Amino acid sequence: MPLHYPHQMIIPRAASNCEPADPSNTLTDRLNTLLNSSGPGYVLSLCPSTQYFIEAPILFVSPNQEISTLGYPTDDSRAVLVVNGAVSNGTGQTTAVTGTCANCDGVILRNVQINGTRAGAPPIAGGANIEMGGPNSGQLIEYVHSYDPRSWSCLHIAEGPLNCTNVTVQNNDIGPAGSDLFQQWADGISVACTNSLVRNNMINNPTDGGIVLFGSPGTRVENNTIWVENNTLLGGINMVDVTPFSGDYKGVVVTNNTIIGGFATNPDTGSATKGTNNEDVIIKIGIAIGPRTWFGNEYLNNVSTGGTVLNNQLTGAFSYGIAISSATNFTVENNILIGNTSFIGARGPNCTTGDPTPSPAPFIIDINNTAQSTTQSDFADTSDGDSLTCVLPPDGGDYWPFGGNPSASPTPEPSPSKSSHSSTGEIVGIVIGVIVGILFIALAAWYIRKWALKRAEDRTHLATTRHAHVRKGYVRSKEQF
């Protein structure tokens with residue numbers, strides 16, 4: 001049964017004015033009072049090119065409410081909600097907008113910016129920049145720029161009592177998020193909501209997971225771009241978490257995403273294929289499948305079950321492109337490397353002593369604990385796929401491929417100049433060339449058709465004499481452990 005995402009064709013509602021940021025000493029209370037007193041369908045319209053320094057989260061309270069910028073801009077003129085609450089002893093305000101109330105079906109956050117204001121400080125305990133989901137359905141987050149969260153994620157779609165469903169997260173620009181210093185990481189988008197849609201998002205410089213799926217059965221993740229510039233990322237797309245859905249990824253489809261690792265930052269001399277990177281930036285795992293890839297034996301024999309990973313593309317520097325360990329009933333096919341790639345890294349100080357770490361490679365699978373799954377034929381077996389994020393990139397050296405990332409605008413090639421007139425000889429030559437070309441194509445088509453009919457006749461005769469078996473990919477199966 002096809003999923004229906006209620007906001008795919010939604011038309012933004014117009015507003016006649018916007019709520020000012022001044023007086024600042026009443027701002028947080030004013031915004032929350034407007035949402036609390038205005039009922040279902042209310043649009044809280046913020047002013048373009050304005051910063052709103054809030055001291056506590058802004059709370060949705062009724063169905064179909066919306067927070068947006070007047071006129072629905074998609075550039076830097078979007079209003080900015082700035083997380084400005086006090087921080088003390090590792091606690092304080094971390095969230096700008098919350099849409100997890102018991103009556104928050106259909107709420108919309110669109111065309112705004114969220115500045116989490118970590119500003120290089122260590123993370124503090126608390127929620128994401130944006131907390132949506134909960135016991136609700138049909139929410140929409142689009143055209144939002146969420147970045148620099150004080151805590152663990154730019155955007156979290158929470159599961160509620162496992163009944164969050166049908167949330168759409170689309171066309172957002174997410175990040176940067178966190179630091180690649182140990183345990184100071186942060187996610188781009190974190191999803192624990194069933195039957196949802198995460199598409200067309202640009203996720204720049206996350207450090208923990210670019211897109212993290214906490215199970216989220218039935219969710220589709222497509223056409224997103226994840227890339228790094230000056231921080232190493234642990235995982236591009238992660239399907240590793242046991243909680244809260246006990247590793248259930250049934251119906252999850254991850255497809256047509258682009259994951260871009262580090263590139264050389266020194267100038268391309270023209271002859272070299274690799275160079276240095278100023279920050280030694282890589283993505284450790286492009287797509288991680290199964291809890292052991294991430295947590296080692298922490299979850300014992302728990303597995304990720306039932307997901308599909310198709311037609312994704314990877315480029316740049318990684319340790320592992322796709323890594324599978326402790327997974328069942330997964331389908332992983334037609335994922336490719338594009339452009340220039342490197343697979344680099346070595347054991348770091350957090351790798352378990354005596355626990356071998358596989359050499360960097362595009363696609364690896366731990367066949368000892370991966371069962372009943374279909375994978376593309378270029379996966380390499382490894383005997384130990386545990387805790388792969390413990391690897392570290394090289395400390396300098398010419399190991400990074402030359403290339404680029406989505407933040408760089410390509411320079412269009414100049415169009416060749418065209419004359420404003422043509423000679424008669426040129427016109428006649430073109431006409432004769434076209435006629436000769438048509439006659440040649442017709443003759444070639446006649447010979448090809450004749451050859452094809454003869455070949456089909458031969459194949460029919462051959463099929464009666466023997467049975468041919470053509471193997472496409474392969475299925476690796478083991479008994480359930």
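The values are calculated or read from the model by the stated rules, or taken from the named source; none is laboratory data. Predicted, not measured: the structure shown is a model, and the values here were computed from it. With ideal geometry, Cβ positions are generated from the backbone for all residues, glycine too; neighbour counts draw on all protein chains shown. Just the protein is used for accessible areas: all its heavy atoms, side chains included, with ligands, DNA and RNA removed. Shrake-Rupley method; radii C 1.70, N 1.55, O 1.52, S 1.80 Å.
Here are the numbers for the structure shown:
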{"read-out": "Among C390, T265, N297 the positive-end extreme of the charge dipole of region 262-390 (Cβ point charges)", "value": "T265"}
{"read-out": "³J(HN,Hα), Karplus 6.51/-1.76/1.60, whole Hz, each residue of region 394-406, x for Gly, Pro", "value": "x, 8, x, x, 8, 10, 9, x, 7, x, x, 10, x"}
{"read-out": "Placed amide H near G251: partners under 5 Å, 5+ positions off or other chain", "value": "G218"}
{"read-out": "Kirkwood-based Rg to Rh ratio, region 16-102, C-alpha trace", "value": "0.97"}
{"read-out": "Extended-chain gain in nm, criterion 0.36 nm per residue less alpha-carbon gap, D22 and N301", "value": "94.9 nm"}
{"read-out": "Separation of alpha-carbon centers, region 322-349 and region 262-303, rounded to whole Å", "value": "9"}
{"read-out": "Per residue accessible area of region 284-331, 1.4 Å probe, in Å²", "value": "25"}
{"read-out": "Charge dipole magnitude, Cβ of K and R +1, D and E -1 - region 231-368, Cα centre, debye nearest 20", "value": "100"}
{"read-out": "Solvent-accessible area per residue, Å², over region 28-89 with all protein chains present [probe radius 1.4 Å]", "value": "43"}
{"read-out": "Per-residue HN-Hα couplings for region 218-232 [Karplus 6.51, -1.76, 1.60; θ = phi - 60°; Hz; x = Gly/Pro]", "value": "x, 8, 10, 10, 9, 6, 9, 10, 10, 8, 10, 10, 10, 9, 6"}
{"read-out": "If the convex hull is drawn through the Cα atoms of region 127-217, its volume per residue in Å³", "value": "75"}
{"read-out": "Among 315-323, 294-302, 133-141, 96-104, the order from most to least packed when residues are scored by Cβ within 10 Å on average", "value": "315-323, 133-141, 96-104, 294-302"}
{"read-out": "Mean Cβ neighbour count within 10 Å, used as a protection proxy, ranking 351-360, 161-170 highest first", "value": "161-170, 351-360"}
{"read-out": "Relative packing of 280-291, 333-344, which averages over residues the other C-beta atoms within 10 Å, highest first", "value": "280-291, 333-344"}
{"read-out": "Within the accessible area of region 220-377 (1.4 Å probe), percent carbon and sulfur", "value": "44"}
{"read-out": "Percent carbon-and-sulfur accessible area, region 39-91, ignoring ligands, DNA and RNA, probe 1.4 Å", "value": "54"}
{"read-out": "Placed amide H near I58: partners under 5 Å, 5+ positions off or other chain", "value": "V97, T98"}
{"read-out": "Point-charge dipole on Cβ atoms (K/R +1, D/E -1) for region 113-191, about Cα centre, debye to 20", "value": "140"}
{"read-out": "Backbone N within region 61-85 under 13 Å of label point (7 Å from E55 Cα along the Cβ vector)", "value": "84-85"}
